[in-house]
Amino acid sequence: MTKHELLEKYNHPVPRYTSYPPANFFTDEFNPANYLEAIDQSNQWNPQNISIYIHIPFCLKLCYFCGCNSYALRKDEVVDAYIKALIREIRMVTSRLDKSRKISQIHYGGGTPNAIPVEYIQQINELLFSTFQFIPDPEIAIEVNPAYLTFEQMAGLKKAGFNRFSLGIQDFSTEVLKAVNRDKPGMPVEDIISFLKQDSPNMAVNLDFIYGLPKQTSATFAEAIQKAIELKPDRLVTFSYAHVPWVSKIQKQLEKEGLPASDEKIKMFETAYSLLTQNGYEAIGLDHYANINDELTLARRNKQLHRNFQGYCTRRTTGQVYAFGVTGISQLEGIYAQNTKSIDEYIAKTNQGELSTIKGYKLSPQQVVVREVITELMCNEQIIWNEIAERLNLTSEEVKKQTTYNPELLQQFEHDGLITLSEEKIQITQQGQLFIRNVAASFDPLIQAGQTNFSKPV
């Protein structure tokens, strides 16, 4: 099939599968007591590693493309109260965790974590470092907006123990950034990278981009990626812009500027893929790239990639995710639990010694199996039925029966060039990478025909 025909056929809303079940299946019947019970049980669940997510919700400026849980920066006293509440929440949860377990990941997201004074972040990290042991070479990462970075701030964050920085570039074009209400970097990006890596041999730097924004074309996006390659980041991400104004109303602003057509977005994806894979980077999952010496690259080659709410990781570094702060989603083996979206409610509840869990989800035994199948496909672009069955202590046929395994639909995917198919294995093709979410959805019993409250693949 031609690319246009594939778009016509498969470019319909499907989950992004950053979790399974997707977050829109969470229910408010799940309450703080359910989460506390799960925290206690998680000490016996796998993986044993601990992954920490810290949500800093504040932004100095709200970008129109953002679908994250972000809020305009409030008064100093609110920020101070928020950080104190966050530390109280960390103490409440970690007091119930087995201290023989080790932290493998810490990730700060937002919002804009570097919108607040670095001393707050240092204080949080000091608490975590003094409470737990760590695995060798843990990933301690923070997302930052380069528009507001200073040398003093970067020095403070390095001192706080971070060994990975994700710079939210999004695009180098001033015209594109203006259209999405985002400020350009405050200093040359090469100077930022140079300073971060100075005297820090294990420091890693990611550059994050978004394609499908107003004013972007495949040609201009290629220029941005070529410039990024010259900066030699350790990892690079090209997120497909997800237009979900029913989730994030601010995105409606972009409709005034106009969004690129789907076929132009495909050209952006293909151009970036071609440039990066021809210049020393390997494609990781749906939207990540890593240099040839990166741990993610080695894990991909060994089919040991994994994914949690922190993003792509390896089976070595993955852990059960304990999330702190407003809207944080904890991802334990058997449950998901999400905090309130209200900063004021979060502060009030936490100050009363209560968790602010507002909704969540408890997985059924069947959903645990489906999650394993979908995660393996999304991470390693393949399903080898007997390997998944062995991990779950089931037979291959039992695994298939827990999913909506449909031989006829799989044969259609193969006919359209999205997969190669055998009795033992399903492999995503290069052409199929854009539509891997469609293939994953074919195994998902929760997805009903005609459901539209997801973003499109392209």
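Only one of (1) modelled with pLDDT of 95 or more; (2) under 23 Å from the mean Cα position of the chain (by Cα) fails for GLY285. Which number is that?
With respect to (1) modelled with pLDDT of 95 or more; (2) under 23 Å from the mean Cα position of the chain (by Cα), GLY285 is out only on (1).
Inside the range 82-122, can you point out the residues that are at pLDDT below 95 and out of contact with any strand residue (DSSP E or B) (no Cβ under 6 Å at 6 or more places or on another chain)?
None; the set is empty.
Given (1) without any contact (Cβ under 8 Å) to a residue 40 or more places away in the chain; (2) outside the structural domain of ALA261 (by TED's automatic domain parsing), where does LYS425 come up short, assuming only one miss?
(1)
Out of the range 169-207, which residues are polar (S, T, N, Q) and closer than 13 Å to ALA224 by Cβ?
GLN170, SER173, THR174, listed by residue number.
On the given criteria, is ARG316 among the basic types (Lys, Arg) and in contact (Cβ under 8 Å) with a residue 60 or more places away in the chain?
So ARG316 passes the test.
Of all residues in the range 355-393, how many are surrounded by fewer than 21 Cβ atoms within 10 Å (Cβ to Cβ), over 17 Å from LYS425 (Cα atoms) and β-branched (Val, Ile, Thr)?
Selection size over the range 355-393: 1.
I need the helices (runs of 4 or more DSSP H) fully contained in the range 203-301, keeping only those with at least 3 residues that are surrounded by 22 or more Cβ atoms within 10 Å (Cβ to Cβ) and in the same structural domain as ILE140 (by TED's automatic domain parsing).
218-231, 262-277, 295-301
Filter the range 89-107 down to the residues that are basic (Lys, Arg) and surrounded by fewer than 17 Cβ atoms within 10 Å (Cβ to Cβ), then identify the one that is nearest to ARG315 (Cα to Cα).
LYS102
Considering the range 386-407 alone, what residues qualify as being hydrophobic (A, V, I, L, M, F, W, C) and either under 26 Å from the mean Cα position of the chain (by Cα) or in a loop (DSSP other than H, G, I, E, B) (or both)?
ILE388, LEU392, LEU394 - these are the residues of the range 386-407 that are hydrophobic (A, V, I, L, M, F, W, C) and either under 26 Å from the mean Cα position of the chain (by Cα) or in a loop (DSSP other than H, G, I, E, B) (or both).
Just to verify a result, which residue in the range 313-354, among those that are part of a strand (DSSP E or B) and in contact with a Leu (Cβ under 6 Å, 6 or more places away or on another chain), is surrounded by the fewest Cβ atoms within 10 Å (Cβ to Cβ)?
Filtering the range 313-354 for residues that are part of a strand (DSSP E or B) and in contact with a Leu (Cβ under 6 Å, 6 or more places away or on another chain), the one surrounded by the fewest Cβ atoms within 10 Å (Cβ to Cβ) comes out as PHE324.
If I filter the range 44-54 for residues that are outside the structural domain of LYS265 (by TED's automatic domain parsing), crowded, with 19+ Cβ neighbours inside 10 Å and among the β-branched types (Val, Ile, Thr), do I get at least one hit? Please lay out each step first, then the result.
Keep residues of the range 44-54 that are outside the structural domain of LYS265 (by TED's automatic domain parsing), which gives none.
No, the conditions are met nowhere in the range 44-54.
More than 25 Å from TYR241 (Cβ to Cβ), among the polar types (S, T, N, Q) and under 24 Å from the mean Cα position of the chain (by Cα): does that describe ASN125?
Criteria met by ASN125.
The values are calculated or read from the model by the stated rules, or taken from the named source; none is laboratory data. Just so it is clear, the structure is predicted and the values come from calculations on it, not from any experiment. Please note: Cβ atoms are built from the backbone with ideal geometry, for glycine as well, and neighbour counts cover all protein chains shown.
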